[in-house]
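Q: Handing you this structure, nothing more for now.
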């Protein structure tokens with residue numbers, strides 16, 4: 001399965017991020033993240049873990065990512 005289409009990246013004001021270099025970095029980061037997640041998912045399946053459990057944990061991992069720039073931290 002190919003990586004899902006990239007969204008139009010927006011800033012906090014809802015405006016499109018227009019810096020070509022920033023967009024390129026985001027695309028590279030998301031592609032790398034996808035590939036690492038795909039590899040871990042396939043490894044888990046080969047080891048006998050259930051698809052449901054693996055997907056659930058991957059969702060939990062993403063939900064646990066913290067924003068170090070938030071004023072709430």
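Q: With a Förster radius of 25 Å, plug the Cβ-Cβ distance of residue 16 and residue 36 into 1/(1 + (r/R0)^6) and report the FRET value to the nearest 0.05.
A: Result of the calculation: an efficiency of 0.40.
Q: Order these by the 10 Å Cβ neighbour count, fewest first: 25, 52. Write out the running numbers ahead of the final one.
A: Details: 25 11, 52 8.
Result, fewest neighbours first: 52, 25.
Q: Using a basic spin-label model with each label point 7 Å from the Cα along Cα→Cβ, how many nm lie between residue 49 and residue 8?
A: Between residue 49 and residue 8, the label points sit 3.7 nm apart.
Read the figures in this text as sums done on the coordinates, not as results from a lab. Note that the structure is predicted; figures quoted are calculated from it, not measured. Every residue, glycine among them, receives a Cβ derived from its backbone with ideal geometry; neighbour counts consider all protein chains shown.
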